[in-house]
Amino acid sequence: MQKNKSRLNRNKERISTAISILSDEYGPIPPEPRRLEPCHELVFTILSQHTSDTNSERAFTSLMKTFKTLEKVASAPVNEIETAISRGGLAKIKAPRIKSVLTMILDLNQNSLDLSFLREMPLEDAKSWLKQLPGIGPKSAGIVLSFSLGMPAMAIDTHIYRVSQRLGFINGNINADKAHDILEAVVDPDDIYPFHFTLITHGRQVCKAKNPLCEICAVSGDCPSIKSTNRSKKLKRKDPYNSAPIVVPHTYPTEESPK
Ligand code: SF4
């Protein structure tokens, strides 16, 4: 018990130090991105699955230009939604998903798409409410709650997941969904957005999926997965990173991914 507590505190300390070092490296941290309406944010997260930011932005703009309101999207035929979002990719999967999510919200929320009531709920309840919607998992729920409603929810994408594993903030056998709860419990609520921003940036620029640039990494001093030329020589492996103790998948397994 005591041992677990001190491990937890040590993890909190390490995370807080990493945020501080990475904030110096990549800062200043820009203001949190916010869409005006949480339901718009939710639809945007569906459009952003398995596509670039540019494509999802294009698809969202086209969707709103075509229908003007999400209420009209909810009552539109699926094929018309599909045409409107075709520039974003995977329109055949995303159009029925958007339609069924909006329809279910209207059913559950007295015919309203206003999700601002979630802000008044305890965080866990608000997450559960969103996760009952088809195809919405912890990452999409976290994006809506944190970016649109300003709640201290974690939204773990592939970069945050990979960097957290490599730095040992979560064990290698923890899946991405479970990682949300674990990291939410150890990252200070005020640090959730800085954690999000710095780990994504670090994952994109330095701690890359295939070839992490450990030699220029600002947090290498406290990283159990650091590449070691000496170790690679000893083990006679071509890629020393593959000999690291933590196994990191290169894809982000989640039920939110369109099949
Ligand atoms: S030392 Fe290497 S593996 Fe560790 S966080 Fe830095 S880039 Fe990633």
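Quick look at the numbers
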{"item": "Cβ crowding within 10 Å averaged over residues, with 5-11, 44-50 ranked highest first", "result": "44-50, 5-11"}
{"item": "In order through the stretch 143-156: 3J(HN,Hα) via Karplus (6.51 cos²θ - 1.76 cosθ + 1.60), integer Hz, x for Gly, Pro", "result": "5, 5, 5, 7, 6, 9, 10, x, 8, x, 9, 7, 10, 9"}
{"item": "Ranking of Tyr193, Tyr161 by count of other Cβ atoms within 10 Å, fewest first", "result": "Tyr193, Tyr161"}
{"item": "Residue order, fewest to most beta carbons within 10 Å, for Thr61, Thr51", "result": "Thr61, Thr51"}
{"item": "Built amide H within the under 5 Å cut-off of Cys207, gap 5+", "result": "Leu213"}
{"item": "Arg14, Arg97 arranged by Cβ crowding within 10 Å, fewest neighbours leading", "result": "Arg14, Arg97"}
{"item": "Estimated inter-spin distance, Lys210 and Met121, nm [label 7 Å along Cα→Cβ]", "result": "4.1"}
{"item": "Cα gyration tensor category, rounded, prolate or oblate, for the stretch 10-121 with a/c compared to 1.5", "result": "prolate"}
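Read-outs throughout are calculated quantities, based only on the coordinates presented, and are distinct from any laboratory measurement. Every value quoted in this text rests on a predicted model; they were computed, and no experiment measured them. Ideal geometry is used to build each Cβ from the backbone, glycine not excepted, and the neighbour counts take in all protein chains shown.
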